Structures are given as structure tokens and as C-alpha cells.
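Here you go, one structure.
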Amino acid sequence: MLFKKASLLFAAGLMLASPAYAGPNDIIYASESTTKSLDPHDTSDTYSGAIERAICQGLMGFDENLSVVPLLAEGYTFNDTATEFTFTLRKGIKFHDSTDFNAEAVRVNIARMMTGKYKRSSLMKPVKELQVIDDYTVRFILNEPFGAFVNAIAHPGSLILSPKAIAEYGDEVSKHPVGTGPFIFEEWVSGDHVKIRKNPDYWRGEVKADSITFRPVPESGSRLAMLRAGQAHYIYPMPAELLKVAESDPKIEIISKPSIIERYLVMNTQYKPLSDVRVRQAINYALNKQAIIRIAWGGAATEADSIIPENLQFYSKQGVWPYDLAKAKELMKEAGYENGFKVVFLTPNASNRLRATEMVQQQLKEIGITGDLESMDVASFYNKLEGHKVDDATPVPFIAFGGWSASTGDADWGIRPLLATEAYPPSMSNFGFFSSPEVDELVQAGLASADNSIRGEAYRKLQEKIWPMAPWGYLHVDTLMAAKVKNLKGVYPLPDGAFSVESAELTQ
Amino acid sequence: MIRFFLKRCLSMIPVLFVVSILAFAFVHLLPGDPARMMAGQDADPATIELLRQQLGLDRPLPVQYLRYIGNLCTGDLGMSLRTQIPVFDEIALRYMPTMLLAMTGMAWSVIFGVFFGAVAAIYSGKWQDYLAMFVSVSGISVPQFWLGLLLIQLFAVYLGWFPVAGYTGKASELVLPSITLGATVAAIMARFTLSAFLDVLSEEYISTARAKGVAERLVMWKHAFRNALIPVVTMIGLQFGFLLGGSVVVETVFAWPGLGRYMIEAVAVRDYPVLQALLLLYSFHFVFINLLVDMVYALINPEIRYE
């Protein structure tokens, strides 16, 4: 009896087996991540933020190289001290619920963020007040100069929701996001997919795709299999270890692009021996970055050549730190550590990070730096790093595998939270307790103006200053890899790991 | 029998109460800060502090426990820290997919496992025995993720018979993951059935039956098989309890929106209310299935009676 039932089920399965044919322009995006929220003001992960960007838009946005471009605003002006920013809004734009986009809509959204209740409220922390000048002009008055403010406005955390939806749904707006973007929210099944459909009245012109479904597929082999079987049109990330398989399939195209994710080794710079700049420089000379990229990262990275990645605003190239063991040994000797010393290696247990740290451990053995490796899950890793104090009675010389992606696309957020004295944990993420008055001064100089030439100059000096101080063991900048079917056009990854689907289209 | 059932149901309450305390203690003992994980890697301290307050994590542990247990008594499992969706709803969404997978996986494994096990016992020492055990040992030895990816390559990518992964409610989506899940369990069932069967076959009443001249087929199926089923049912119950927790590997490989993957995601971000609720649910499964197994014993063997 049981067997009969089961065989019936099996037969039924066979009959249903041919996958339902999706319409010509229903696109499936398979990703490693799962959607966590669709309320832009209360979202902290890149993936959810990227889906929100297809539904909602901000006054400013990012282009594919992460440069700030006007979106719902036509443009902006600012004063000399970077404390006032005035935005002129575009006219004639409507939200998906047919209400008007105007200064009042901006006010409602900014006021919501300024209540301080949301995960991205911090973006509006510099704001003292928002003035509505007229229906299509708003002015932000800041508490103090904040040159990177336009990046905060372009950040996906500052997207504009329909005020009507905010009033109607309150904090449940996460399940009913309404914006001005190319796609209208259709459904979100928690733990499974999000579906958005074409906005027929999109203000920037016709949207080609009828719908896009975002599916979490955590296992990379399955993700690639879905692409190959035609059950997904775009996958991210494309696993580096399966590159050969994907390249051999004529239907598939690989997209790779430099990211803004920088990897480095955090060192406890306050205690001997890592407080000695010569020792830190020696460590940098002893790191064979090429080998780490090739073996631990599957080749999907480029060597770091500044403290911030190339795609971050105001990047200034310092040149790759050369791999030179003789020089490294010489510096160790000069510093009085000819016989080396002991450290603790710390790393999150994701396989690529663990492998990279193991390689670092082997490479540093060459100059006498040895020690045990402790790997743990991400939550425990942060717990461990935040547990160190600048005035620990029994300091631990540690070398930890770190990484950072500055979600604002600006140099400030790529440097200040990691290397400024004000950023000591638990306040921010300066886990190595690096501190230099000159660096702090330049960090402030970068924020004192909104004039890009002045800011650019400050950050150029800042990068030049920090690089030889070697607060980190410089490693690499990740290369993003995605894969798509060849007849999908207009979908591409952004350097922060997000993506753009605005002009997505399946062609024949 | 019904009184026994109800009595056993009532006795589950203290067990689950103790589990609730252990679950709370266990998740709060894990190092790591949920607020830090929710706020995102590049969050500023104000945001993290704000979240800590919103999530009630700034309060002393005993206060947090009392609130948790108070809510639990009214059936409120709390909100997921990560999504701000009630934990009950989140679990409800994932319960059916896991349940479906567990039941179909179990069905495959019972059918094939018990069949192979019985065949191996009946033809003990003959080629059928070796073949059945070869298949079942292979089932135990093959890693699930590898078997899953292999099935995907063959049946989804090359032959295109079944979808690769995902769950949208179609029966075809169930085939590959349930076979993958069932394979390991089937192997365990086969080994278990074999040993239970052989034990029974060496019993005196089997010799008696044979000596009486009962047909060999009747000896096997009526006398031996039925009695051999008792330990097998226990094993089915235990295995089913595990499967209901959701198989992390199978759910990950097949992008199955079930409880196993949810558990892993919740551990990664230290989503306390979700972890507590899942631990409670898993314990409930085991306690409840144990009870069902006891009931089934009475059905198989009329000599077993509960008062």
C-alpha cells in the first residue's frame, strides 16, 4: 500500500518534472544571501539594500562605479563649510501608489530616519534640521561640517518611501515597500524569495523585464547548476572554484569586477613587538600576497595598493607592498627581533579566510613570527576582537584577518572607522588600536569641506601618510564574480557587492 | 489506551519547561552579540547600542528570562531579532517544507531500508544479502552534499527531469532532495532491520514454527518480520525526529526553505528568540514521537498493552 502510494508520487513527480516555462521576461536572480528586510531605513545588509534599490530611489544614487549621481534630485549645492546642503527635486515623479514625490515626501522620510529608531538612522546623525524651502527644494542643516554628506544621501539606507505607505503600514512597511523605482514590490516569503514586477509608469522610461524573482540558493554548486539548467538567469556570487565548469558552458557568461572589499591583517599596534613600525613593515615584506590570492581566494582578488580600494571615492594609489623576505629579515633584526616572537592568529572560520590566515601563519614563520591559530564563527570573532582593551593588563599580540566594505562609497567611511583614534572599540572598528595625531587631523580635514578638490587633497595626503606606517598587513581587494546566461542584459554587480537590475532584459 | 495517551501528553509539560530553561541558558552562553550582528559590519556604536535597547538585550539576564518565560506561557515565542517578524510565523512558514521533506525522505528510507534489510536477512549469506548490504553501506558512506550535487548534475542539469533546487510547492521539486535525504536513513534502516530480523530468526519460536511444518514464507513474514519490526519502529521514530529538525545539508544544497537552514542562519546572527523556539520545537518533536512509537508497539504486538 505504502509502496503504491510512493510510486504514484514518483510518477506524478516525473510528469511534473519539466520546469514550468517562465515568460520571456521573468528573470530569476539566485544569490547566496537571504532577504532580511525591505525597509531601507532599517536594513543593514547589502543584499536586501540592493533589492530595495530596485523598488525605491534616493535623492542621489550610485552609478556602476560607485560614483554619486543625481536621481530623484536634479542636483545640489552646498556652502563652504559643508554644513548646508540644498537639493532641487525632480518634478512629476509619482510613487507606485500614485502619490506625488515632493519635498514633503522627503521630509517625512528624513524625519522618520531622524527618530533614531532604525538601523540606518546613523546616516542622518549629522543633520540638525531639514528645511522645506518650497515644494521641490529641501535644505539639510548639519551640526558640524560633514563633507561626505552627499554619500550618506546616496546610500541605500536613505531611499525615499511613499509617505502614504509609511503612514499606512508603520514599521510593517518592511513587508510593503512602496517607492518610485523601476519595479513594484509584489511578494516576500521570508526565508525564501522576493518578487518584484515592472513599474509600467517608470519616470526614466520603459522597464523591459516583466518581473524579477530573487531566490536564495546558499550552496554554490546548486547555484551554478540552476544557471546551467536554465532555472536561474543570474547568479551571485559565482564561486571561484567552479570557474572552469562555468567557462566551458557556452550559454554562460562570467562577469568579474573589482569590489570595494579590502582584506588586511589587523595587528595590535599598542604593544610590543607589534608597536614597532619596523616589525609591522617586516610583516608586510614577508607576505606573499600573490600566493594567498591564488590559493586561498581562487584568484578572485588583486593586491591592495592603498589602505582603501580603487573604487572608493578619493582613492590614491600607493603601489603594491613588495614581497621581499631578505628585507623583512633585515628589519626584524634592526628592531631586535632577529629570533622572532609569538603572536595569536585570529580568523573567522569561513573557508577562504581560514585558508588565507593559515598561509599568513606559514609565511610569517619565515621571519620567526609563530603562534597558534584560533578560528571561530563571525559572531565569536567580533566578540573576541571587541574584548581587547587599549589598556589591557595582559596584552595579547594578535594578528587577525580583517575585511571592510565602506557602504557609502566614500574614503571617509573606509578609513575613519578603522584607523582613527576615535574609532577604538567598542565605539568603532579600530581593533588594532592604531593611533596617530597626524592621521586624525587629516581624517577631520577630509570632512571639513564638501568641495571634492579639497577633500581629494586631504585623502591623498592621508593615504600617503598611513601606507608606510603599516598599521595593517596589507592583503588584497576582492574581485566580485557573477555569472549569467548570455541572453540576459542589463544586470550587473556594483563594487559594494550589490547589483543593478534597472535595465534588466532577456533577449532572444 | 486513551487515558495513557493523555497522561503521557501531560507529562510532556515539565520536560518542555526544563528544556526552555536549558535553551535560554544555552543560547545566552554563546559568545557574540546579536545587536552587533544585526547592525551590520560597518555599523556605528550608536546604532548597535540602540538595537541592544530595542531588543531588550541591555537588561539583566534574569529579567530577560522572566520576560521570555512569561511570553512563552501565553504562547508568544517573541519576535525574530533579525527580521522583526514573529518567530511563530517564521517557523510556520518553514515547517511545511521541512515536514514534507522529512515525510517523503522517511517514506523512501522505510520502503527501501526495510526491504533491503529483510532481503539481506532472508537470504543471509547469499548474493542477495551481499548486494543489499553493499547498497546500504554505500548509502551510509556517501556524503549527503555530494550525493545531492551528483543527482542535481544528472537529473536536473543533463536530463532536465527535475528542477535543480528551490521549493514552490510542486511535487517534482521534492524528488531529488527527498531521495538524497532518504538515502542515508535508508542505509541505517537496512542495517537495523537486518540485525533485528536475524535476532528474531534465531528465536526458538521460529524453530518451533518450522518444525511444525509452517511454510517458510509464512514463517518469515508472519512470525519473524512482525516481531522484527518492533526495534525498527523505534529506529524510525528516532530518525524521523532528527529529520523533522530539518537537514541542514539537504536544505542548503537544494535551497529548501526549511527549519535546518533557518537554525544555521539563526545561530550565525545569534537570533536568540528563534534559537530558543527551535530548540523547544525539536525537543517537543522527540518527546511526542516517542509517545507515538509507544502507541505503535501496541498495534504491532497485541501482547503489549498500556494502562
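The values are calculated or read from the model by the stated rules, or taken from the named source; none is laboratory data. Since we're looking at a predicted model, the values are computed, not measured. With ideal geometry, Cβ positions are generated from the backbone for all residues, glycine too; neighbour counts draw on all protein chains shown.
Results for (1) farther than 15 Å from B:L280 by Cα; (2) away from chain A (no Cβ under 14 Å); (3) touching a helix residue (DSSP H, G or I) at 6+ places or on another chain (Cβ under 8 Å); (4) among the polar types (S, T, N, Q), shown as yes or no for each residue.
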site	(1), (2), (3), (4)
B:C9	yes, yes, yes, no
B:V15	no, yes, yes, no
B:S20	no, yes, yes, yes
B:A23	no, yes, yes, no
B:V27	no, no, yes, no
B:L30	yes, no, yes, no
B:A35	yes, no, yes, no
B:A39	yes, no, yes, no
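Turning to a different aspect of this structure: Please pick out the residue among B:G148, B:G169, B:G117, B:G113 that is within 14 Å of another protein chain (Cβ to nearest Cβ), at pLDDT 85 or above and over 18 Å from B:V249 (Cβ atoms).
Working: B:G148 fails: over 18 Å from B:V249 (Cβ atoms); B:G169 fails: at pLDDT 85 or above; B:G117 fails: within 14 Å of another protein chain (Cβ to nearest Cβ).
Result: B:G113 is the single residue among B:G148, B:G169, B:G117, B:G113 that is within 14 Å of another protein chain (Cβ to nearest Cβ), at pLDDT 85 or above and over 18 Å from B:V249 (Cβ atoms).
Can you tell me which residue among B:A255, B:A228 is closer than 23 Å to B:L181 by Cβ and among the small types (G, A, S)? Spell out how you get there, then give the answer.
Numbers: B:A228 fails: closer than 23 Å to B:L181 by Cβ.
Just one listed residue meets the conditions, B:A255.
Would you pick out the residues in the stretch A:36-66 that are among the β-branched types (V, I, T) and buried (at least 24 other Cβ atoms within 10 Å of the Cβ)? Break it down into steps so the answer makes sense when it comes.
Pass one, the stretch A:36-66, residues among the β-branched types (V, I, T): A:43, A:46, A:51, A:55.
Passing the criteria: A:T43, A:I51, A:I55.
How many of the residues in the stretch A:79-101 are surrounded by 21 or more Cβ atoms within 10 Å (Cβ to Cβ) and either within 23 Å of A:S407 (Cα to Cα) or at pLDDT below 95 (or both)?
The qualifying residues number 3.
Something else about it: Which ones in the stretch A:394-427 are out of contact with any Ser or Thr (no Cβ under 8 Å at 6 or more places or on another chain), facing another protein chain (nearest Cβ under 10 Å) and modelled with pLDDT under 85?
The answer is A:P425, A:P426, A:S427.
Additional query: Enumerate the strands (runs of 3 or more DSSP E) found wholly within the stretch A:91-198, keeping only those where 2 or more residues are charged (D, E, K, R).
Numbers: elements: A:127-134, A:137-142, A:183-188, A:194-198.
Because the criterion is at least 2 residues that are charged (D, E, K, R), the strands (runs of 3 or more DSSP E) in the stretch A:91-198 that meet it are A:127-134, A:183-188, A:194-198.
So, of the residues in the stretch B:65-74 that are of a type outside the set (A, V, I, L, M, F, W, C) and touching a helix residue (DSSP H, G or I) at 6+ places or on another chain (Cβ under 8 Å), which turns out to be surrounded by the fewest Cβ atoms within 10 Å (Cβ to Cβ)?
Start the filter on the stretch B:65-74 by keeping residues that are of a type outside the set (A, V, I, L, M, F, W, C), which leaves B:65, B:67-68, B:70-71, B:74.
Checking the rest, the ones that are also touching a helix residue (DSSP H, G or I) at 6+ places or on another chain (Cβ under 8 Å) come to B:65, B:68.
Details: B:Y65: 15, B:Y68: 22.
Applying the filter and picking the extreme gives B:Y65.
Consider A:K257 carefully, then state whether it is outside any helix (DSSP H, G or I), basic (K, R) and away from chain B (no Cβ under 14 Å).
Values: outside any helix (DSSP H, G or I): yes; basic (K, R): yes; away from chain B (no Cβ under 14 Å): yes.
In short, yes.
From B:V142, B:V185, B:V135, which residue is more than 26 Å from B:R261 (Cα to Cα) and not charged (D, E, K, R)? Explain how you work it out, then say what you get.
Working: B:V142 fails: more than 26 Å from B:R261 (Cα to Cα); B:V185 fails: more than 26 Å from B:R261 (Cα to Cα).
Going through B:V142, B:V185, B:V135 in turn, the sole match is B:V135.
Provide a single number: the residues in the stretch B:167-203 that are over 23 Å from B:K126 (Cα atoms), in a helix (DSSP H, G or I) and more than 19 Å from the chain's Cα centre (by Cα).
Residues meeting the conditions: 2.
Within the stretch A:352-393, can you find the residues that are within 14 Å of chain B (Cβ to nearest Cβ) and closer than 21 Å to A:Q290 by Cβ?
A:R353, the sole residue that qualifies.
May I ask you to say which residue of A:E303, A:E262 is over 24 Å from A:K365 (Cβ atoms) and either surrounded by fewer than 18 Cβ atoms within 10 Å (Cβ to Cβ) or among the charged types (D, E, K, R) (or both)?
Working: A:E303 fails: over 24 Å from A:K365 (Cβ atoms).
Sole residue among the options that is over 24 Å from A:K365 (Cβ atoms) and either surrounded by fewer than 18 Cβ atoms within 10 Å (Cβ to Cβ) or among the charged types (D, E, K, R) (or both): A:E262.
Matching residues to (1) surrounded by fewer than 23 Cβ atoms within 10 Å (Cβ to Cβ); (2) modelled with pLDDT under 95:
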| position | (1), (2) |
| --- | --- |
| A:A450 | no, yes |
| A:Q463 | yes, no |
| A:W467 | yes, no |
| A:Y474 | no, no |
| A:V477 | no, no |
| A:N487 | yes, yes |
| A:Y492 | yes, yes |
| A:D496 | no, yes |
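Which of the residues belonging to the stretch B:110-146 are under 19 Å from B:T180 (Cβ atoms) and small (G, A, S)?
Those that are under 19 Å from B:T180 (Cβ atoms) and small (G, A, S): B:G113, B:S136, B:S138, B:G139, B:S141.
Now, a different point. Restricting to the stretch A:175-189, name every residue that is β-branched (V, I, T) and closer than 9 Å to A:H96 by Cα.
Within the stretch A:175-189, the subset β-branched (V, I, T) is A:178, A:180, A:184, A:189.
Across the stretch A:175-189, the qualifying residues are A:V178, A:T180, A:I184.
For the stretch A:116-139, enumerate the residues that are closer than 24 Å to A:D496 by Cβ, in contact with a Ser or Thr (Cβ under 8 Å, 6 or more places away or on another chain) and not basic (K, R). Quick ask: steps written out before the conclusion?
Step one: of the stretch A:116-139, the residues closer than 24 Å to A:D496 by Cβ are A:118-127.
If we keep only those that are in contact with a Ser or Thr (Cβ under 8 Å, 6 or more places away or on another chain) as well, we get A:119-124.
If the condition is that a residue be closer than 24 Å to A:D496 by Cβ, in contact with a Ser or Thr (Cβ under 8 Å, 6 or more places away or on another chain) and not basic (K, R), then A:S121, A:S122, A:L123, A:M124 are the ones that fit.
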